[in-house]
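Enquirer: Dumping the structure here so I can ask a few things about it.
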Amino acid sequence: MPSLWLAEPAPPRRVSRLDRPPDVLVVGGGVTGCSCAVTLAAAGLRVRLQDAREVAAGASGRNGGFALRGGSAPYDVMRSSMGGDAARMLWRATEVAIDEMETLAGDALRRVGSLRIAVDDEERTELEAEFAALHEDGFAAEWIDELDGPLHGRYAGALRHPTDAALQPVRWVRRLAGLAAEAGVEIREHERVVSLDDVGDAVVIVCTDGYPSHLLGELEGLIVPTRGQVIATEPIEERWFEVPHYGRHGFDYWHQTPDGRIVAGGFRDTSLETEFTDVEETTPALLAALEGFVASLAGRPLRVDYRWAGIFGLVLDFLPVVGQVPGRERLWVSAGYSGHGNVLGFLCGQLVARAVLGDRDALLDHFEPSRLL
């Protein structure tokens, strides 16, 4: 079944054709690939973008629709592992990225903030530590002791990130692809790049996140394919969850769309051994857990209109993998967002493009692909 997001009809897009071989071939038509292609074309390079399916058909069209600042681990954790300067740089960069997304995405993005919720006292203590670290370093954050509506008394507190947003990710990425085409990028859909032997002298940038490209040599498999499953209910009149909610260390996440549907995902921990996979299909046990959870939130069973799965790339240190592939002069990668690709993918697509152009950002010292080897 297609995702709720992919069920929206695609608008027409300008067709651009290169009259000579590309300088750069971007593999993957999701948010990273489109962001990368726009940046390269704006600098005057000839760019071709290829996808084995269609623009936004992979993880960019199969996620929960959150646009969150920062990385996939809490700010205080990343400050300890990356160092304070690097963590601040990353968080600021993602805030700037969301600002830019808001400018470009139109009605595909709603700047409503997000809630990271504590399911128990232990998680509350962790959120309080993140809240303190954010305030210490000058980032906007709000503490909520008591949640309203159906969440009242169910959770032990919440941390509000006011800069975050809810997203119709397919609409957004299709618009980004439209900008790429307007800039002269040749977009080829339903054309898989099978071998690097077939690309001539072009620089190749692999932007497929957790979907195996079979182009990355030793890096294949070190960005671990991981399945996320999501449902979307019938529209309901109650408007409880306009803000993206993210709880139980990320194993539960949900929000409502403008027409009142509850979109909910997660619960991978009900069957972790089956969810480290690149098989893009839903499973009955996990869907049952999601549907039961949504019924408990709403106080009644709700009809489920959409059920889908997507693959994201998990990295053990929770940092993206962005840069030149070791030992391959003309091969680059931008992937490994550990479930937070809507913003990180947009940012890292720009960063890898700028690096190819000779403008290497200091963040790439921490995203270096060689660290996985």
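Enquirer: Based on the Cβ-Cβ distance of T103 and A140, what FRET efficiency does E = 1/(1 + (r/R0)^6) give at R0 = 22 Å, to the nearest 0.05? List each step's numbers first, then the result.
Expert: On the way: r = 19 Å, r/R0 = 0.87.
After rounding to 0.05, the efficiency reads 0.70.
Enquirer: Any chance you could check the Cα centroid distance between the range 200-237 and the range 35-104 for me, in angstrom?
Expert: The range 200-237 and the range 35-104 have Cα centres separated by 14 Å.
Enquirer: Still on this structure: Considering the alpha-carbon set of the range 56-110 alone, what are its Rg and its Dmax in angstrom?
Expert: When restricted to Cα atoms, the range 56-110 yields Rg and Dmax of 13.3, 37 Å.
Enquirer: Along its principal axes, what span do the Cα atoms of the range 327-373 show, with the longest given first and each in whole Å?
Expert: If we take the Cα atoms of the range 327-373, the spans are 28, 25, 18 Å.
Enquirer: Report the GluC sites (Glu not before Pro) located in the range 268-337 that are in a DSSP loop and have at most 14 other Cβ atoms inside 10 Å of their Cβ, or state none.
Expert: Sparse-neighbourhood loop GluC sites (Glu not before Pro): E281, E329.
Enquirer: Once ligands and nucleic acids are excluded and a 1.4 Å probe is used, how much of V203 is accessible, expressed in Å² to the nearest 10?
Expert: For V203, the solvent-accessible surface is approximately 30 Å².
Enquirer: Okay, moving on. Please turn the phi angles of the range 199-210 into ³J(HN,Hα) values with the Karplus equation 6.51 cos²θ - 1.76 cosθ + 1.60 (θ = phi - 60°), one per residue in order, whole Hz, x for glycine and proline.
Expert: These are the phi-based 3J(HN,Hα) values: 10, x, 9, 5, 6, 10, 10, 8, 10, 10, 6, x Hz.
Enquirer: Separate question: For D269 and R371, what does the FRET efficiency come to when R0 = 35 Å and r is the distance between their Cβ atoms, rounded to the nearest 0.05?
Expert: FRET efficiency, D269 to R371: 0.85.
Enquirer: Using the alpha-carbon atoms, what tilt in degrees (0 to 90, nearest 10) does helix 121-136 show relative to the longest principal axis of the chain?
Expert: 60 degrees
Enquirer: Considering the range 151-212, what Rg and Dmax in Å follow from its alpha-carbon atoms?
Expert: 19.7, 61
Enquirer: Further question: Can you pull the percent of Cα pairs in the range 4-128 with separation above 24 Å?
Expert: The calculated P(r) of the range 4-128 puts 47 percent of pairs beyond 24 Å.
Enquirer: Run the quick spin-label model on D305 and R360: label points 7 Å from Cα toward the beta carbon, then report their separation in nm to one decimal.
Expert: 4.9 nm
Enquirer: Tell me the relative contact order for the range 224-330 as a rounded percent, counting alpha carbon contacts under 8 Å between residues six or more apart.
Expert: Over the range 224-330, the number comes to 36 percent.
Enquirer: What is the extension gain from A295 to R239, computed as 0.36 nm multiplied by their sequence separation minus the C-alpha to C-alpha distance, in nm to one decimal?
Expert: 18.7 nm
Enquirer: Hey, another quick one. On a 0 to 90° scale, report how tilted helix 84-105 is relative to the longest principal axis of the chain, with both axes built from alpha carbons and the result rounded to the nearest 10.
Expert: Approximately 80 degrees, to the nearest ten.
Enquirer: Another question, if that's okay. Tell me, what ³J(HN,Hα) does each residue in the range 261-278 have, in order and in whole Hz, if you take phi through Karplus 6.51 cos²θ - 1.76 cosθ + 1.60 with θ = phi - 60° and put x for Gly and Pro?
Expert: In residue order, the calculated couplings are 6, 8, 9, 9, x, x, 6, 4, 6, 6, 7, 4, 5, 8, 8, 8, 7, 9 Hz.
Enquirer: Taking the Cβ of G313 as the center, what net charge do the other residues with Cβ under 14 Å away carry, scoring Lys and Arg +1 and Asp and Glu -1?
Expert: Once positives and negatives cancel, what remains is -4.
Enquirer: Between R14 and R92, how high is the FRET efficiency from 1/(1 + (r/R0)^6) when r is the Cβ-Cβ distance and R₀ = 30 Å? Nearest 0.05.
Expert: Taking R0 as 30 Å, the efficiency between R14 and R92 is 0.35.
Enquirer: Looking at the calculated P(r) for the chain, what percent of the C-alpha pair distances fall above 36 Å?
Expert: Values: 12528 of 69378 pairs.
Value for the chain (Cα pairs over 36 Å): 18 percent.
Enquirer: Compute the helix-to-body angle for 284-298: its Cα long axis versus the longest principal axis of the chain, expressed 0 to 90° and rounded to tens.
Expert: Here the helix axis deviates by roughly 50 degrees.
The values are calculated or read from the model by the stated rules, or taken from the named source; none is laboratory data. None of the values given here were measured: they were computed from a predicted structure. FYI the Cβ positions are ideal-geometry reconstructions off the backbone, even for glycines, and counts take in every protein chain you see. For the accessible areas, the whole protein counts, side chains as well, though only heavy atoms, and no ligand, DNA or RNA atoms are used. Shrake-Rupley method; radii C 1.70, N 1.55, O 1.52, S 1.80 Å.
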